[in-house]
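Only one structure is covered here, and it is reproduced in the block below.
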Amino acid sequence: MDKSGLAAIFKGPNAKFEIRKYPVGSPEIGNVLLNLEYSGICGTDIHICNGKLQMPPKELIIGHEFTGRIESIGGSGAKDALGNPVKVGDAVIACVAIPCEKCFCCGHGELSSCMNFGVTYLKSPEEKPHFHGGFAEYLFSSLKNIVKIPDGVNAKSAAAFPCGGPTIIRACKYAGGLEKGELVVVQGTGALGIFAVALAVSQGCRVVAIGSSSNSERKRIVEKLGAELVLDYRMTPAAERLKKIHDIAKAHGRGNGADVVIETSGSPEAFPEGLELVRTRGRYIVPGQYSSSGGVKINPELITFKAIRITGSGQYCMDDLGNYLEFLRENRKTQEIFGECITHEYKVKDADLAIADVAAGKAIKAVFCK
Ligand SMILES: [Zn+2]
Ligand SMILES: [Zn+2]
């Protein structure tokens, strides 16, 4: 029997998705056919849908957080991007980014900062094998773009932050990592923020999160992951937040503020506050500003006099994805909590509703599934 599957076609900013059925063929050599388990909707997808992040003006299957099972493999002796053997039935995470391997950064081993990143889904869905992106019931992917979910890691938990997790891991690697006993302030409690809290707690850091309590479930999750204080930026004035964080630093023998501040909110206004919150010689890690919302006034004097180290990072590579899965394998309790983070599940045919719900902030993490 000929098999077919549905794909949600992105037709431009603020346009409705078109649901289309395509035949499901066989993968070419070096590729796999994946059957949808969970395909996450990321903040980036919302930026694409509302036009804040420009895409080429053509039909696309967007979505870059696809967790699926291998249904068939083109060729024999298949291995994933990290060299793990893979077989039919294995659960994997597919990444859509393709570093060019030619630019200065790629040449210096910094694939996560490739200056000419390609994306697998920038192809017309009419072009075979049709399923190029995440918002669909199937995905064809190169073996170079998948990582096997290891034994001991639940596919649903892994599907919670397959983009936010590796993004934070990379940003922290660039900033020299987190150290036991440090006071870490996480600005924002979206996907990146939740993962940053989990990572910092696992490294033995003391964590304060600044988020919004408009979704009380978010606060609950962040506390459950081990944040000792969650401040609502709408309810507490900035001066009070600064004082609270200074008091905690002082009470634990740290410096004149947080050792590390991680900006994940994407709000430009968070940046000047981060410069205030971080201690002298502290690190300010900024992976969250993934679309332009305009500029803000800062006081550059703070950077000079506090000798602040600021590190940006917006992408990740397959190694980071492997580290994310390893992190989940080593942190069973976190893994369970991540499973709880998937609060909304949608069929591919309901893409418009899914995007609207995520844009309205209803979900902690929303996914498409079968
Ligand atoms: Zn993403
Ligand atoms: Zn490159």
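The values are calculated or read from the model by the stated rules, or taken from the named source; none is laboratory data. These numbers were taken from a predicted model, which means no experiment stands behind them. Every residue, glycine as well, gets a Cβ built from its backbone with ideal geometry; the counts of neighbours run over all protein chains shown.
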Exercise. When you look at PHE305, is it buried (at least 17 other Cβ atoms within 10 Å of the Cβ) and not acidic (Asp, Glu), yes or no?
Worked result: no
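Table: residues versus (1) aromatic (Phe, Trp, Tyr); (2) within 15 Å of ligand 2 (Cβ to nearest atom); (3) within 27 Å of SER265 (Cβ to Cβ); (4) outside the structural domain of LYS21 (by TED's automatic domain parsing).
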{"position": "ILE98", "(1), (2), (3), (4)": "no, yes, no, no"}
{"position": "CYS106", "(1), (2), (3), (4)": "no, yes, no, no"}
{"position": "VAL119", "(1), (2), (3), (4)": "no, yes, yes, no"}
{"position": "GLY133", "(1), (2), (3), (4)": "no, no, yes, no"}
{"position": "GLU137", "(1), (2), (3), (4)": "no, no, no, no"}
{"position": "PHE140", "(1), (2), (3), (4)": "yes, no, no, no"}
{"position": "PRO150", "(1), (2), (3), (4)": "no, no, no, no"}
{"position": "ALA171", "(1), (2), (3), (4)": "no, no, yes, yes"}
For this session: Just need a number here: residues in the stretch 45-88 that are buried (at least 22 other Cβ atoms within 10 Å of the Cβ) and in contact with a His (Cβ under 7 Å, 6 or more places away or on another chain).
Result: 1
Problem set entry | Check on LEU122, within 16 Å of ligand 1 (Cβ to nearest atom) and either touching a Pro at 6+ places or on another chain (Cβ under 9 Å) or in a helix (DSSP H, G or I) (or both) | yes
For this session: Would you check if there is a residue in the stretch 81-93 being within 27 Å of VAL153 (Cα to Cα), touching a Gly at 6+ places or on another chain (Cβ under 6 Å) and more than 16 Å from ligand 2 (Cβ to nearest atom)?
Result: yes
Exercise. Quick one: CYS49 ticks every box in (1) over 23 Å from MET318 (Cα atoms); (2) free of Cβ contacts under 8 Å to residues at least 40 places away in the same chain bar one, so which box is it?
Worked result: (2)
Exercise. Just to be sure, is GLU228 assigned by TED's automatic domain parsing to the domain that holds ILE93 and either touching a helix residue (DSSP H, G or I) at 6+ places or on another chain (Cβ under 9 Å) or over 15 Å from ILE262 (Cβ atoms) (or both)?
Worked result: no
For this session: Test ALA7 against the criterion of being over 25 Å from the mean Cα position of the chain (by Cα), surrounded by 20 or more Cβ atoms within 10 Å (Cβ to Cβ) and either more than 19 Å from GLY118 (Cα to Cα) or basic (Lys, Arg) (or both), and give yes or no.
Result: no
Problem set entry | Filter result for GLU127 (without any contact (Cβ under 8 Å) to a residue 24 or more places away in the chain and among the acidic types (Asp, Glu)) | yes
For this session: Select, from GLN203, GLN187, the only residue that is under 21 Å from ARG279 (Cβ atoms), in contact with an Asp or Glu (Cβ under 6 Å, 6 or more places away or on another chain) and outside the structural domain of ILE46 (by TED's automatic domain parsing).
Result: GLN187
Exercise. Filter the stretch 90-119 for residues that are part of a loop (DSSP other than H, G, I, E, B) and either within 20 Å of GLY40 (Cα to Cα) or in contact with a Leu (Cβ under 6 Å, 6 or more places away or on another chain) (or both); which is farthest from ligand 1 (Cβ to nearest atom)?
Worked result: ASP90
Seminar exercise, completed: Note: among ARG206, ARG170, ARG220, just one is of a type in the set (D, E, K, R) and within 16 Å of ligand 1 (Cβ to nearest atom), namely ARG170
For this session: Kindly provide the set of residues from the stretch 5-57 that are assigned to a strand (DSSP E or B) and over 30 Å from PRO85 (Cβ atoms), ordered by number.
Result: LEU6, ALA8, ILE9, PHE10, GLU18, ILE19, ARG20, LYS21
Problem set entry | Residue list for the stretch 246-255, filter: over 14 Å from THR280 (Cα atoms) and in contact (Cβ under 8 Å) with a residue 12 or more places away in the chain | ILE248, HIS252
Problem set entry | Residue check, THR343 within 28 Å of VAL260 (Cα to Cα) and in a strand (DSSP E or B) | no
For this session: Count, please, the residues in the stretch 63-89 that happen to be within 16 Å of ligand 1 (Cβ to nearest atom) and modelled with pLDDT under 95.
Result: 0
Exercise. Going by the conditions given, is GLY190 surrounded by fewer than 24 Cβ atoms within 10 Å (Cβ to Cβ) and either away from ligand 2 (no atom under 16 Å from the Cβ) or touching a residue at least 60 places away in the same chain (Cβ under 8 Å) (or both)?
Worked result: yes
For this session: May I ask you to list the residues in the stretch 59-89 that are within 30 Å of ALA15 (Cβ to Cβ), in a loop (DSSP other than H, G, I, E, B) and out of contact with any Lys or Arg (no Cβ under 7 Å at 6 or more places or on another chain)?
Result: ILE61, ILE62, GLY63, HIS64, GLU65
Exercise. Does the stretch 30-52 contain any residue that is more than 16 Å from ligand 1 (Cβ to nearest atom) and under 22 Å from TYR290 (Cα atoms)?
Worked result: yes
